[in-house]
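J.: Take a look at the following structure, please.
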Amino acid sequence: MQKKLIAVAVAGALGAPAVVLAQASTVQIYGRLNIEYAYADQGAGRRKVDHMNAPGSAIGFRGEEKLGGGMSAWFQCESTADPRGPNGGASNGVFCSRNSAIGFKGAFGNVFLGTWDTPFKRTLGPNIVGAEQTGHWGVIELLSSNSTSVADNTNRDVFMRRQRNSINYDSPNFAGFQVLAAFSSTNGATASTPVFDQKARVFSLGAQYRAGPLYISGAYERHNEFAVLTGLNNFDDDEGWHIGANYTFAGRVKVGGLFTRNTFVSSNLLGDIEYDAFHVGVDWSIQGPHGILASYTRVDDADGAPGAAGPGGARPSIPAVGNDTGADMWTIRYRYQFSKRTQVRIGYSRIENDSQARYRLTALARPGTTIPTGLGDNQSAFGITVDHRF
């Protein structure tokens, strides 16, 4: 990705002291504009539509100041930059709505505070080979419910979190091995009444290892006191973990896979409910600008006590315990790489639900609806992506 460095010049407006500060620092502007346009089959009883989406589109500013002794102070402010215009998204038009923080780094590692992807998300993403996290070719609906920026005590079903009010630590790199840790503050408790003692908090711990063409990672995350089950002061915890790896053969063919498990307290107090899922994919740079991406993702039947209900929340597609509650997803695309920063992808994706499941393509979320698809319905999309980074 080509970066643009600009000097922070604020001399005239802010006076001489600001000149000294400006000369000691630089600000980097970066971003991505990513637009998908697809013809989508939404399932039985719903219209076939042509549909536009812009997953991951963002613009950001970041800078660093050398403090001496090998230590630096740094900041980043990243915001959604949806070229389609305002669409009612939770972070659309909000400044610093994506990975944004201030921190210190040095020989001790990196400590930072703000809004940031959790270690669970940061270590799972690299192993989603051949597909995307969200959008028409996004597989996160099956693997971990969704990928989004979330407040302190919301979206208990989401493990691919960009967590607000978080304190984060990245260890130094030890011969390719690194530990990532994060927890959130209990800001949500400030809105609670004295008799409503919920103090929701996220704990997330991940580890990753890189050695040439090999990448291995795993993570554990706990959502503490997120589940408000019955009455007052009746809370419980949800947890998830994953493990995965990818390997690039001959610098051209990347093969990857992962397994993840999410465990929730059932919303009707019948015990825990468990969702297992796996993903395998390939990213093949054939020759020159040409490439092929393909993937297969499977979420198994919900497991737990008979009749245990799903966690609900933002994703009603998560089913209750029972047979035929799983789903399969396939994606395949052709990629043409114009440059290191610009590429076009054309392809097809399909979700096939078992008879008691209603998972959906993440791009087809409809604000205000509670039921994304009918039981056993299938969804598919065929389209094009234009992806430019700067």
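J.: Can you find even one residue in the stretch 76-94 that is surrounded by 14 or more Cβ atoms within 10 Å (Cβ to Cβ), modelled with pLDDT of 95 or more and of a type in the set (Asp, Glu)?
T.: yes
J.: How about the stretch 305-318: which of its residues are crowded, with 22+ Cβ neighbours inside 10 Å and modelled with pLDDT of 75 or more?
T.: Ala308
J.: Just for the stretch 138-149: of the residues that are surrounded by 24 or more Cβ atoms within 10 Å (Cβ to Cβ) and part of a strand (DSSP E or B), which one is modelled with the lowest pLDDT?
T.: Of everything passing the filter in the stretch 138-149, Ser147 is modelled with the lowest pLDDT.
J.: In this structure, is Ala277 under 22 Å from Asp354 (Cβ atoms) and free of Cβ contacts under 8 Å to residues at least 60 places away in the same chain? Can you show your working first?
T.: Details: under 22 Å from Asp354 (Cβ atoms): yes; free of Cβ contacts under 8 Å to residues at least 60 places away in the same chain: no.
Here the answer is no, as Ala277 does not meet what is asked.
J.: Okay, next question. Just the residues that are touching a strand residue (DSSP E or B) at 6+ places or on another chain (Cβ under 9 Å) and free of Cβ contacts under 8 Å to residues at least 60 places away in the same chain, please, taken from the stretch 281-300. Explain how you work it out, then say what you get.
T.: First, pick out the residues of the stretch 281-300 that are touching a strand residue (DSSP E or B) at 6+ places or on another chain (Cβ under 9 Å): 281-286, 288-300.
Listed by number, the residues that qualify are Trp284, Ser285, Ile286, Gly288, Pro289, His290, Gly291, Ile292, Tyr296, Asp300.
J.: While we're on this one: Would you check which residues across the stretch 248-274 are aliphatic (A, V, I, L, M), surrounded by fewer than 16 Cβ atoms within 10 Å (Cβ to Cβ) and out of contact with any Ser or Thr (no Cβ under 8 Å at 6 or more places or on another chain) and list them?
T.: If the condition is that a residue be aliphatic (A, V, I, L, M), surrounded by fewer than 16 Cβ atoms within 10 Å (Cβ to Cβ) and out of contact with any Ser or Thr (no Cβ under 8 Å at 6 or more places or on another chain), then Ala250 is the only one that fits.
J.: Let me ask you something else. For the stretch 123-137, name all the residues that are part of a helix (DSSP H, G or I) and within 8 Å of the chain's Cα centre (by Cα). Before the answer, list the steps.
T.: Filtering the stretch 123-137 for residues part of a helix (DSSP H, G or I) gives 123-127.
Across the stretch 123-137, the qualifying residue is only Gly125.
J.: Then there is this: Tell me which of these Asp324 doesn't satisfy, since it passes every other one: (1) on the phi > 0 side of the Ramachandran plot; (2) acidic (Asp, Glu); (3) part of a strand (DSSP E or B).
T.: Failed condition: (3).
The values are calculated or read from the model by the stated rules, or taken from the named source; none is laboratory data. Bear in mind the structure is a predicted one, so any value in this text is a computation, not a measurement. For neighbour counting, all protein chains shown are included, and Cβ atoms are generated from backbone atoms with ideal geometry for every residue, glycine included.
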